[in-house]
Amino acid sequence: PQCAKQNCRFDPYDNAVAAIYLTYRGSLTEAANILIGLRRLLYDDAGRLHLLRSAYTEKGLPQEWHIDTGNNAWVAMAFAHYAAASGSSCDAAAARDILHAIVAESSCKGALGGFTGRAQNPHGGYRATEHNIDMFALARMLGEEEIMEEAAKFVRHMFGIDPEHPDAYATATGGEPRCSDQRTYGTPIAADTQFWNLLAEVDPNGQRKRASLEFALRASAEGGFITEDDDVLGGGARLTGVRFTNRGEGAQWENTASAVMASGYYDAVYSKQSNSTRDMVDQMQASLLYQLGKYGAVLGSVRGGNFLAYHARSPPAAYPGGSHTGMGWTYLRYPHTAATAWTGLMLLEANPFLPPKQPMPVAVGGWWCAPP
């Protein structure tokens, strides 16, 4: 809300999800405007591609310098979805260019395969399950079967390797040395790793899918992700959502929208969910629709409080500083681009991980399609 006067961050991931939503809504001009901005950051004047940093200022300067594999894969997915919808060869080429750049900088050899979480970073040699789900989906859209299999091999291996959570996909491997096969003990289990694996169809094993979803849809008191928040600042409505990880506190609504989609997808394919589970999923969807109706957007969190409250040892119970991820950051009570766009995709029943229904155009161009 204060971005007109302050140095706010602009995330490539959030913009990518928004572009995908706008593409499926049929708002191609608006989606193209987002992709034009992303392309300007991707390609220099000589046509060389530089993978995107994690966040930028309003002026296009890097604000967070990490080069995140998952974020860049999402940007490429946005180009791919738009290319299929518009028939744009340039955007198909941009998606291809990003994919190949990620592979060149983040590929791991060996039994696990997969791709590291960050490029050009000595401490980014870990492999995240979520990032490899993204890479699988992107490679599938572009018909890159070898890359698909490398990502899938890693994701499938990560099921049950955490002895504390044998029914879930673990979050990541260790990061040192680079591409280490070492397991990380005590790392929180991420919600997106469970739900996005279902949506992307990475692991064909039905038993693992069922076990992962049943784990994810447990109540937080039982170690799962389901939690309830009171919208204290908005009138006190009781809302149902999912935590960011099994150690998070408070609902994170971007993940909640993907949880609704993944649960509905699983039920449509397997028809094995109980009525109580379906009711809970309906409550999550109703909580998202409540926010759209009340605020005109979906929030990062309905829990009040600022960063000072988040960092306090004993934050006020009513205003705890947003929804804590359990991984070192929080989502505050602001309208949230990715959460809103994910909710739009949920309402459109548009799975962003699946290949577009329209054929992908031949990839031609890329950098020289960038506007002046």
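The values are calculated or read from the model by the stated rules, or taken from the named source; none is laboratory data. Values in this document were obtained by computation on a predicted structure and should not be read as measured data. So basically every Cβ, Gly included, is an ideal-geometry build from the backbone, and we count neighbours across all protein chains shown. What goes into the accessible areas is simple: the full protein's heavy atoms, side chains included, and nothing from ligands, DNA or RNA. Shrake-Rupley method; radii C 1.70, N 1.55, O 1.52, S 1.80 Å.
Identify, from the list ALA341, ALA286, ALA312, the residue that is closer than 22 Å to ARG140 by Cβ and among the aliphatic types (A, V, I, L, M). Don't jump to the end; show me each part of the working.
Details: ALA286 fails: closer than 22 Å to ARG140 by Cβ; ALA312 fails: closer than 22 Å to ARG140 by Cβ.
Within the list ALA341, ALA286, ALA312, the selection yields ALA341.
Within the range 239-311, considering only helices (runs of 4 or more DSSP H) that don't extend past its boundaries, which have at least 3 residues that are within 18 Å of THR325 (Cα to Cα)? Before the answer, list the steps.
Numbers: elements: 253-270, 275-295, 307-311.
Ranges flagged: 253-270, 307-311.
Output yes when any residue across the range 321-342 is in a loop (DSSP other than H, G, I, E, B), free of Cβ contacts under 8 Å to residues at least 40 places away in the same chain and open to solvent by less than 50 Å² (accessible area, probe 1.4 Å), and no when none is. Can you show your working first?
Of the residues in the range 321-342, the ones in a loop (DSSP other than H, G, I, E, B) are 321-322, 325-329, 332-334, 336.
Applying the additional criterion that residues be free of Cβ contacts under 8 Å to residues at least 40 places away in the same chain yields 321, 328-329, 332.
Subsequent filtering for residues that are open to solvent by less than 50 Å² (accessible area, probe 1.4 Å) retains 321, 332.
Within the range 321-342 (the criterion being in a loop (DSSP other than H, G, I, E, B), free of Cβ contacts under 8 Å to residues at least 40 places away in the same chain and open to solvent by less than 50 Å² (accessible area, probe 1.4 Å)), the answer is yes, since at least one residue qualifies.
Spot the failing condition for TYR185; the list is (1) open to solvent by less than 20 Å² (accessible area, probe 1.4 Å); (2) of a type in the set (Phe, Trp, Tyr); (3) assigned to a loop (DSSP other than H, G, I, E, B), and only one is missed.
Only one criterion in (1) open to solvent by less than 20 Å² (accessible area, probe 1.4 Å); (2) of a type in the set (Phe, Trp, Tyr); (3) assigned to a loop (DSSP other than H, G, I, E, B) is unmet by TYR185, namely (1).
Out of all the residues in the range 7-18, is one or more basic (Lys, Arg) and within 30 Å of GLN182 (Cα to Cα)? Step through it out loud before you land on a result.
First, pick out the residues of the range 7-18 that are basic (Lys, Arg): 9.
If we keep only those that are within 30 Å of GLN182 (Cα to Cα) as well, we get none.
No, because not a single residue in the range 7-18 is basic (Lys, Arg) and within 30 Å of GLN182 (Cα to Cα).
Just one of GLY70, GLY37, GLY110 is touching a residue at least 24 places away in the same chain (Cβ under 8 Å) and in a helix (DSSP H, G or I); which is it?
Values: GLY37 fails: touching a residue at least 24 places away in the same chain (Cβ under 8 Å); GLY110 fails: in a helix (DSSP H, G or I).
Being touching a residue at least 24 places away in the same chain (Cβ under 8 Å) and in a helix (DSSP H, G or I) holds for just one of GLY70, GLY37, GLY110, which is GLY70.
Each row is one residue, and each column tells you yes or no for (1) more than 28 Å from GLU145 (Cβ to Cβ); (2) at pLDDT 95 or above; (3) surrounded by fewer than 16 Cβ atoms within 10 Å (Cβ to Cβ).
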{"site": "TYR265", "(1), (2), (3)": "no, no, no"}
{"site": "VAL269", "(1), (2), (3)": "no, no, yes"}
{"site": "LYS272", "(1), (2), (3)": "yes, no, yes"}
{"site": "THR277", "(1), (2), (3)": "yes, no, no"}
{"site": "VAL298", "(1), (2), (3)": "yes, yes, no"}
{"site": "ARG313", "(1), (2), (3)": "yes, no, yes"}
{"site": "PRO316", "(1), (2), (3)": "yes, no, yes"}
{"site": "GLY344", "(1), (2), (3)": "yes, yes, no"}
{"site": "GLY366", "(1), (2), (3)": "no, no, no"}
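Scan the range 216-257 for residues that are under 16 Å from THR171 (Cα atoms) and open to solvent by less than 10 Å² (accessible area, probe 1.4 Å) and jot them down. Spell out the reasoning first.
Step one: of the range 216-257, the residues under 16 Å from THR171 (Cα atoms) are 216, 223-225, 243-248, 255.
Result: ALA216, GLY224, PHE225, THR245, GLY248, ASN255.
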